[in-house]
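Working notes, beginning with the structure itself.
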Amino acid sequence: MSGAVTGADDLAMLRDAARQWVGDAGPVEPDPRTARSGIGARWEAIAGLGWAGACVAEASGGLGFGPAATGALLEALGGTLSTTPLLSTGLIAAQALADRRDLASAIAAGEWVVAFAIDEGPRHGAPIATRAERDDAGWRLTGAKRFVLDAPRANRLLVTAQTADGRDLFLVDAAATTIAALDMIDGREIGDVAFDCAPGVPLGVGVEGIDRLCDLARTGLASEMLGAADGALRTTVDYLKLREQFGRPIGSFQALQHRAAQALCEIELARSSVAAAWTAAEHGTPDFPALAALAKYVAGEAIHRVSSEMVQMHGGIGMTAEHPAGRTLKWARVSETLFGNAAWCAERYATLRGF
């Protein structure tokens with residue numbers, strides 16, 4: 001996995017460039033189906049900008065930054081709920097395949113979409129039943145994974161499976177599996193995947209490597225959630241300045257000011273938590289797993305509050321399908337469940353800290 005560190009100036013440059021691109025691309029698309037139909041075009045566009053390879057080594061055709069660079073891009077994309085495979089492919093797969101130049105090059109070029117298939121039930125962290133067995137032709141996987149992010153678009157999958165020697169991660173061609181796309185309410189592409197003696201290539205990362213990839217997934221998703229919360233609050237504050245009641249803007253009412261201020265406080269807490277997790281990830285400090293769980297928990301609390309307040313503060317228009325408040329709320333609720341919900345993250349943090 002990559003050990004590169006992203007400088008503060010590089011992070012600021014990437015974040016500013018991403019925000020400008022996202023701003024030019026337009027506001028939040030309120031219809032999840034329309035948002036989903038645009039994923040391919042968005043992925044092609046950001047791959048053309050080099051973002052798919054932000055944390056891929058320069059020798060493999062990437063930009064050579066650390067994973068925090070992809071986190072900055074995810075935060076910017078989250079601001080308008082711009083769904084892409086960047087989390088699963090540009091972060092998780094890029095880190096998992098960093099030592100395999102030909103595979104990393106395919107990611108950096110945007111030629112591959114790689115899904116991270118880990119969960120086998122509705123909740124993260126359940127025991128793994130998928131088996132990998134070796135025969136004369138190589139490794140074969142049998143089992144099923146559920147709620148796999150980006151699976152319907154993927155041409156490769158990173159799959160956790162049990163072997164006779166323990167748990168490992170396998171690279172599997174999506175064409176050798178059966179993928180059933182789920183009709184998600186938030187505009188993401190998520191699917192269930194079945195393996196029936198599907199050929200796989202072991203990556204040899206073991207339990208420790210799988211756990212690190214899951215921690216990166218939580219931190220990357222926390223970045224997206226942070227961006228989404230920030231974007232939702234900005235939209236809501238703009239509305240509070242424009243909407244008038246009793247002859248003055250509703251943003252002048254103290255009760256709404258207090259609620260907006262509380263939402264801002266939660267966003268800033270999430271920003272600090274996410275930054276701490278990325279610093280730990282890039283420097284390889286032993287507290288990264290705990291900080292990743294904390295970042296996902298705090299960012300989840302922030303987007304939960306802000307998405308709810310967005311609907312409430314917009315009043316009746318916030319309940320309509322034509323307004324982005326509804327999709328923001330749906331996107332938030334799905335995000336809260338991925339890679340460990342709030343209760344799971346809180347328990348993991350407490351366990352790792354010895355509480």
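The values are calculated or read from the model by the stated rules, or taken from the named source; none is laboratory data. This structure is a prediction, so every number in the text was calculated from the model and none was measured. Neighbour counts run over all protein chains shown; Cβ positions are idealised from the backbone, glycine included.
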Q: Kindly establish whether ALA115 is outside any helix (DSSP H, G or I), touching a residue at least 24 places away in the same chain (Cβ under 8 Å), within 17 Å of ILE190 (Cβ to Cβ) and not charged (D, E, K, R).
A: yes
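Out of GLU301, GLU336, I need the residue that is closer than 23 Å to THR236 by Cβ and in contact with a Gly (Cβ under 6 Å, 6 or more places away or on another chain). Which one? Give the derivation first.
On the way: GLU301 fails: in contact with a Gly (Cβ under 6 Å, 6 or more places away or on another chain).
The unique qualifying residue is GLU336.
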Q: Only residues in the range 285-306 that are free of Cβ contacts under 8 Å to residues at least 12 places away in the same chain count as the first member; pair them with residues that are in a helix (DSSP H, G or I) and surrounded by 23 or more Cβ atoms within 10 Å (Cβ to Cβ), Cβ under 9 angstrom, at least 6 apart or cross-chain, and list the lot.
A: THR285/LEU291
Q.
If LYS330 meets every condition in (1) surrounded by 13 or more Cβ atoms within 10 Å (Cβ to Cβ); (2) of a type outside the set (A, V, I, L, M); (3) under 15 Å from THR236 (Cβ atoms) apart from one, which number is that one?
A. (3)
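Being under 20 Å from ILE107 (Cβ atoms) and either of a type in the set (A, V, I, L, M) or part of a helix (DSSP H, G or I) (or both) is true for just one of ASP24, ASP10. Which residue is that? Break it down stepwise before answering.
Details: ASP24 fails: under 20 Å from ILE107 (Cβ atoms).
Residue meeting the stated conditions: ASP10.
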Q. For the range 308-325, does any single residue satisfy the condition of being in contact with a Pro (Cβ under 7 Å, 6 or more places away or on another chain), at pLDDT below 95, assigned by TED's automatic domain parsing to the domain that holds PRO289 and among the charged types (D, E, K, R)?
A. yes
Q. Given the range 128-176, what strands (runs of 3 or more DSSP E) lie entirely inside it while holding 2 or more residues that are surrounded by fewer than 20 Cβ atoms within 10 Å (Cβ to Cβ), in contact with a strand residue (DSSP E or B) (Cβ under 9 Å, 6 or more places away or on another chain) and of a type outside the set (S, T, N, Q)?
A. 131-135, 138-149, 166-173
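Going through GLU282, GLU301, GLU268 one at a time, which residue ends up being of a type outside the set (Lys, Arg), within 27 Å of GLY187 (Cα to Cα) and in contact with a helix residue (DSSP H, G or I) (Cβ under 8 Å, 6 or more places away or on another chain)?
Checking each option against the conditions leaves just GLU301.
Specify which of the listed residues (GLY231, GLY191, GLY187) is closer than 16 Å to LEU87 by Cβ and in contact with a Ser or Thr (Cβ under 7 Å, 6 or more places away or on another chain).
Working: GLY231 fails: closer than 16 Å to LEU87 by Cβ; GLY191 fails: in contact with a Ser or Thr (Cβ under 7 Å, 6 or more places away or on another chain).
Being closer than 16 Å to LEU87 by Cβ and in contact with a Ser or Thr (Cβ under 7 Å, 6 or more places away or on another chain) holds for just one of GLY231, GLY191, GLY187, which is GLY187.
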Q) Assuming LEU74 fulfils every condition listed in (1) surrounded by 24 or more Cβ atoms within 10 Å (Cβ to Cβ); (2) in contact with a Ser or Thr (Cβ under 6 Å, 6 or more places away or on another chain); (3) assigned to a loop (DSSP other than H, G, I, E, B) apart from one, which condition is it? A) (3)
Q.
Restricting to the range 156-198, name every residue that is of a type in the set (Ser, Thr, Tyr) and over 19 Å from the mean Cα position of the chain (by Cα).
A. THR163, THR177, THR178
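Looking at this structure, is SER272 without any contact (Cβ under 8 Å) to a residue 12 or more places away in the chain, surrounded by fewer than 21 Cβ atoms within 10 Å (Cβ to Cβ) and under 20 Å from the mean Cα position of the chain (by Cα)? Before you say what the answer is, go through the steps one by one.
Numbers: without any contact (Cβ under 8 Å) to a residue 12 or more places away in the chain: yes; surrounded by fewer than 21 Cβ atoms within 10 Å (Cβ to Cβ): yes; under 20 Å from the mean Cα position of the chain (by Cα): yes.
In short, yes.
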Q) Restricting attention to the range 142-166, which residues are more than 15 Å from VAL113 (Cα to Cα) and in contact with a Ser or Thr (Cβ under 6 Å, 6 or more places away or on another chain)? A) GLY143, ALA161
Q. Here is a list of conditions, (1) over 12 Å from the mean Cα position of the chain (by Cα); (2) modelled with pLDDT of 95 or more, and THR84 meets all of them except one; can you say which number that is?
A. (1)
Q: Starting from the range 169-181, take each residue that is at pLDDT 95 or above and list its partners that are aromatic (Phe, Trp, Tyr) and in a strand (DSSP E or B), counting only C-beta distances under 9 angstrom and pairs at least six apart or across chains.
A: PHE170/TRP139; VAL172/PHE195; ALA176/PHE195; THR177/PHE195; THR178/PHE195
Q) Any residue in the range 288-300 that is surrounded by fewer than 17 Cβ atoms within 10 Å (Cβ to Cβ), at pLDDT 95 or above and over 17 Å from the mean Cα position of the chain (by Cα)? A) no
